[in-house]
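Participant: This is the structure, below, for whatever I ask next.
What follows draws every value from the coordinates through simple rules; no lab data is involved. As the structure is a computational prediction, the values presented were derived from the model and not from experiment. Because the Cβ atoms are built from the backbone with ideal geometry, glycine has one as well, and the counts that use them run over all protein chains shown.
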Amino acid sequence: MISEKIRKTIYGEKYSNIVFLAGAGASVVGENLKYGKTVRMIADDIFEKLHDIDELYTLEKLAKMCRYKDGDILDSVESESSGISKLDKSFNLEDFLSTLFHYRPYVSENDKERFNNTVQKILELIKENTNYSYDSRVLKHGALLKFLSDLSGKDGNKFSVITTNYDVLIEEAAAENNFVIFDGFNFTPLPKFDSNMFEWNLVKEVQNVNTREVEYKDKTFNLVKIHGSLTWEKQDNGDIVRKNKDNITETDKMVMIFPSSDKFAQSYQEPYFELFTKFQELIKRPNTLLISSGFSFADDHISKMITQALKNNSSLRLLVTDFNIDPNRQWDKDEKQYIEITEDKSQYNKNWGELVHLMDEGYPISFLKAAMNSDLVDYLSGRYLNDEH
C-alpha cells in the first residue's frame with residue numbers, strides 16, 4: 001500500500017520540475033557519529049569540549065552571563081544519577097547562540113577576550129562537527145542523484161537539490177558519479193559566486209546543417225546551499241569564492257549561517273538572499289514535485305516558504321520523508337505509550353503541525369517514514385512494489 005501510494009505521487013503525473021530538500025537528517029547514518037550529526041549531537045559535543053579547556057568559558061557560565069534560561073541548562077536528574085553533568089533536553093543551541101550574539105556588545109572589557117575566544121571555539125566546533133567525507137558504502141547520495149536524474153528526464157530539464165547543510169557530501173557524490181553541478185559559482189580556476197549561473201545549461205551542437213539542433217548534457221543539476229558551505233569564503237573585496245574546505249580557517253570569512261534564531265535576518269545578506277530567492281522561484285513553478293528528507297520543519301523561514309507555495313501553487317506536490325513522521329508525540333517509557341505534545345509546549349513543532357493540518361484540508365501532501373541513508377531511494381524507485389514480504 002505504501003509503495004503504491006509513493007508510486008502514484010512520484011509517477012502519477014509528468015512533473016516538469018523536481019526539487020529535493022535535504023536537511024541535517026540527510027547526512028545522518030543512524031548512530032554513526034563519523035557522518036552526519038544532529039544539532040543536539042553538536043550541542044553535546046560543544047558542552048563537553050568547553051569543559052576541557054580552562055582558558056574558555058563553559059556553556060553553563062555563558063548561559064549565566066547572557067541570562068539564557070537564567071543559566072539553568074543542566075539536566076539535574078541525569079546529572080545526579082550518573083554524577084556527570086549533562087545538558088537538559090530543553091537546551092536549544094540555536095536559541096542559545098542567538099542570545100549569546102545579542103549579549104556580545106554588553107560584555108565587560110575584563111571578560112571580552114575570553115568571551116570572544118569562547119565564541120570563536122564554538123563556531124570552530126560547529127564547523128568540525130559538520131565536516132565529513134562521502135563514502136558510497138554507507139551514504140546513499142549517489143543513488144539519490146541517479147534516481148532524481150532519471151525522474152527528471154532529458155532536454156535540459158535539470159532537477160534541483162536544496163540543502164541547509166554545510167557539508168560537501170552532495171558535491172563529492174556528484175563527482176564520484178560524473179554529475180555536473182550548477183551551484184551559483186562560475187567555472188573559473190577560483191570559482192566566484194554568480195547567481196545567474198543557475199539559469200545556464202550545458203549543450204552541444206548536433207551536426208545537422210538544416211536545423212542546428214542542440215543536445216543537452218545529461219546528469220546535470222542545480223545545487224542551492226541556502227545556509228552556505230564549508231567551501232565558501234568571503235574575500236576582502238566582498239567577493240565570495242569556492243575553495244578547498246581545508247584551506248578556510250578564519251571563522252569571520254566563512255560563508256555559513258550558523259545556527260541561531262537570527263537566521264531569518266541573515267538570509268537577507270549576500271549570497272543567502274539570492275539562494276533563498278532561487279528556492280522560492282523553484283517551488284512556485286508549475287508541475288513541481290518537492291521531496292524533503294531529514295528536514296524537521298523547525299526552521300520557520302524555510303517552512304513558511306513551503307506552506308505559502310502550497311497554498312498558492314495548485315500544481316505543487318509535497319512528499320515529506322523522515323525517520324520520524326510524527327514529531328509532535330513522544331514515547332513515554334513509564335506509561336509505555338505515546339504522549340501527544342500539545343501546542344502550548346515548547347517542544348511542539350508548529351510548522352509540522354501546520355503541514356498535517358494542510359494535508360487534512362486536502363492539500364497534496366504525503367508523509368513517508370524513510371531515512372535518506374536507509375530505505376528512501378528504495379521507496380522512491382518502487383523497489384518494494386512487488387515485495388510480498
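Participant: Within the chain, what's the longest run with no GluC sites (Glu not before Pro) in a DSSP loop and at most 16 other beta-carbon atoms within 10 Å? Give the range, please.
Facilitator: In short, 56-212.
Participant: List, in the order given, every pair from 154/217; 89/121; 154/243; 192/253; 146/204; 154/225 whose Cα-Cα distance in the structure shown is over 20 Å.
Facilitator: The pairs that break the limit, which is 20 Å between Cα atoms, are 89/121; 154/243; 146/204; 154/225.
Participant: While we're on this one: With respect to the cross-link table entries 127/333; 37/112; 333/369, which display a Cα-Cα separation exceeding 28 Å?
Facilitator: From 127/333; 37/112; 333/369, over 28 Å: 127/333; 37/112.
Participant: Could you line up 331, 200, 352, 232 from fewest to most neighbouring Cβ atoms inside 10 Å?
Facilitator: Ascending Cβ contact count within 10 Å gives the list 331, 200, 352, 232.
Participant: On to the next question. Hey, which of these cross-link pairs are over 32 Å Cα-Cα: 158/245; 8/345; 34/284?
Facilitator: Pairs exceeding 32 Å: 8/345; 34/284.
Participant: Angle check, please: helix 39-51 long axis (alpha carbons) against the longest principal axis of the chain (alpha carbons), in degrees 0 to 90, nearest 10.
Facilitator: 40 degrees
Participant: Any idea what the relative contact order of the stretch 39-129 is, in percent, if you count C-alpha pairs under 8 Å spaced at least 6 apart?
Facilitator: Value for the stretch 39-129: 31 percent.
Participant: Could you work out the helix-only [θ] at 222 nm for the chain, with each DSSP H run of four or more residues adding -39,500 (n - 2.57) and the total divided by the number of residues, to the nearest 500 deg cm²/dmol?
Facilitator: Calculated mean residue ellipticity at 222 nm is -10500 deg cm²/dmol.
Participant: Here's a follow-up. What is the gain in length, in nm to one decimal, between residue 328 and residue 249 on full extension, counting 0.36 nm per residue of separation less the C-alpha to C-alpha distance?
Facilitator: Full extension from residue 328 to residue 249 adds 24.5 nm.
Participant: So, one more: First measure r as the distance between the Cβ atoms of residue 135 and residue 346, then evaluate 1/(1 + (r/R0)^6) with R0 = 41 Å and state the FRET efficiency to the nearest 0.05.
Facilitator: 0.65
Participant: Something else now. Match the structure shown to one of the listed values (i) 25, 56, 18, 1, 0; (ii) 26, 50, 22, 1; (iii) 26, 59, 14, 0 of P(r) over Cα pairs in 20 Å bins from 0, in percent, computed from it, and give that label.
Facilitator: (i)
Participant: OK, next. Once both axes come from the Cα atoms, what is the angle between helix 272-284 and the longest principal axis of the chain, in degrees from 0 to 90, rounded to 10?
Facilitator: Helix 272-284 and the main axis of the chain meet at about 50 degrees.
Participant: Which of 334, 322, 150 comes first, and how do the rest follow, when ranked by fewest Cβ neighbours within 10 Å?
Facilitator: 334, 150, 322
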